[in-house]
Number of protein chains: 2
Amino acid sequence: MQIRTATRADVPAVLGLLADDDISRQRGWGTVPEEVDAAIWAAFEAIDSDDRNELVVAAEDGEVIGTLQLTFIPGLSRGGGERLLIEAVRIRSDQRGRGLGGELIRWAVERARERGCRMVQLTTDKRRTDAQRFYATLGFVASHEGMKLAL
Amino acid sequence: MQIRTATRADVPAVLGLLADDDISRQRGWGTVPEEVDAAIWAAFEAIDSDDRNELVVAAEDGEVIGTLQLTFIPGLSRGGGERLLIEAVRIRSDQRGRGLGGELIRWAVERARERGCRMVQLTTDKRRTDAQRFYATLGFVASHEGMKLAL
């Protein structure tokens, strides 16, 4: 499995991974539009041109089978170290159970270490109990409530 | 109460607010150094020069009595809308209970709306049960586990 920064060509596959998820479907984002629209391209360009944001894909045999997004956040807490926020983690449904998620998250944590981050954080829907067990095995502690306000 | 972007002159006061907190003390970040060190200044400059990060202070009679940090995160989820992450929310201990926190968070949510964000999110330590009730009254839903890995 190759882990690398996403290119424009990966965007449709990433959208497919984001939509192929029971909870995303419940939120009303379970279908992939036939054409990638302007708002999505603008979001991709915003990420791609920002040194503190990175859209990442895991690929195998030329196919995208996993994705996540990294955001490195500067802050005055904890001695001025950055924190890494991980969002939008997905492994293609037919590739789950092979340990690819662990490989991808460990890669992200290693990136954070190399950059000198003080912390890696993420939130996961409380219904994703498998995900919580998985992150706990990687050393993450469920110390916080993740609170969301949809606009 | 005036809510505005922090300047360099506000940094010592913000550090004071971040440190004046029982949970920060337990984490070992409960004292304010006599001089602001280079890592903190670098973090301030990183935030100040980044269009997607904003260190905010609430001031009254020329004194900083509250702070929070905003990070606007582009993403391909939810139709390509940004999300706003709120971090490091503090109200000076002698000013709590006056509703300033609500004013500050509502201001941040309004900023997110104006910018077209799809979501506002934050995490709060599970021990901060008052904070969780407070955010719930503002419409936030504790739908996620907030998982952290200290490095």
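Would it be correct to say that A:ILE23 is surrounded by 15 or more Cβ atoms within 10 Å (Cβ to Cβ) and in contact (Cβ under 8 Å) with a residue 12 or more places away in the chain? No: the conditions fail for A:ILE23.
Say we look at the range B:99-151 and pick out the residues that are of a type in the set (Gly, Ala, Ser) and more than 7 Å from every other protein chain (Cβ to nearest Cβ); which of these is nearest to B:ILE3 (Cα to Cα)? Step through it out loud before you land on a result.
Here is the first cut: in the range B:99-151, the ones of a type in the set (Gly, Ala, Ser) are B:99, B:101-102, B:108, B:112, B:116, B:131, B:136, B:139, B:142-143, B:146, B:150.
Filter once more, so that each one left must be more than 7 Å from every other protein chain (Cβ to nearest Cβ): B:99, B:101-102, B:108, B:116, B:131, B:136.
Details: B:GLY99: 14, B:GLY101: 11, B:GLY102: 12, B:ALA108: 10, B:GLY116: 20, B:ALA131: 20, B:ALA136: 22 Å.
Looking at the filtered set, the residue picked out is B:ALA108.
Identify all residues within the range A:49-63 that are of a type in the set (Gly, Ala, Ser) and part of a strand (DSSP E or B); write none if there are none. Residues satisfying the conditions are A:ALA58, A:ALA59. Residues in the range A:95-151 that are among the aromatic types (Phe, Trp, Tyr) and under 25 Å from A:ARG52 (Cα atoms): A:TRP107, A:TYR135, A:PHE140. Residues that are assigned to a helix (DSSP H, G or I) and of a type in the set (S, T, N, Q) are absent from the range B:107-122 altogether.
Residues that are out of contact with any helix residue (DSSP H, G or I) (no Cβ under 8 Å at 6 or more places or on another chain) and assigned to a helix (DSSP H, G or I) were ranked within the range A:79-106; the one that is surrounded by the fewest Cβ atoms within 10 Å (Cβ to Cβ) is A:ASP94.
Just one of B:LEU76, B:LEU68, B:LEU55 is in contact with a helix residue (DSSP H, G or I) (Cβ under 8 Å, 6 or more places away or on another chain), more than 10 Å from every other protein chain (Cβ to nearest Cβ), buried (at least 16 other Cβ atoms within 10 Å of the Cβ) and modelled with pLDDT of 95 or more; which is it? Outline the logic, then answer.
Working: B:LEU76 fails: more than 10 Å from every other protein chain (Cβ to nearest Cβ); B:LEU55 fails: more than 10 Å from every other protein chain (Cβ to nearest Cβ).
Being in contact with a helix residue (DSSP H, G or I) (Cβ under 8 Å, 6 or more places away or on another chain), more than 10 Å from every other protein chain (Cβ to nearest Cβ), buried (at least 16 other Cβ atoms within 10 Å of the Cβ) and modelled with pLDDT of 95 or more holds for just one of B:LEU76, B:LEU68, B:LEU55, which is B:LEU68.
Apart from one condition, B:THR67 fits all of (1) within 30 Å of A:GLY28 (Cα to Cα); (2) in contact (Cβ under 8 Å) with a residue 40 or more places away in the chain; the exception is (1).
The values are calculated or read from the model by the stated rules, or taken from the named source; none is laboratory data. Keep in mind it's a predicted model, so treat the numbers as computed, not measured. Neighbour counts run over all protein chains shown; Cβ positions are idealised from the backbone, glycine included.
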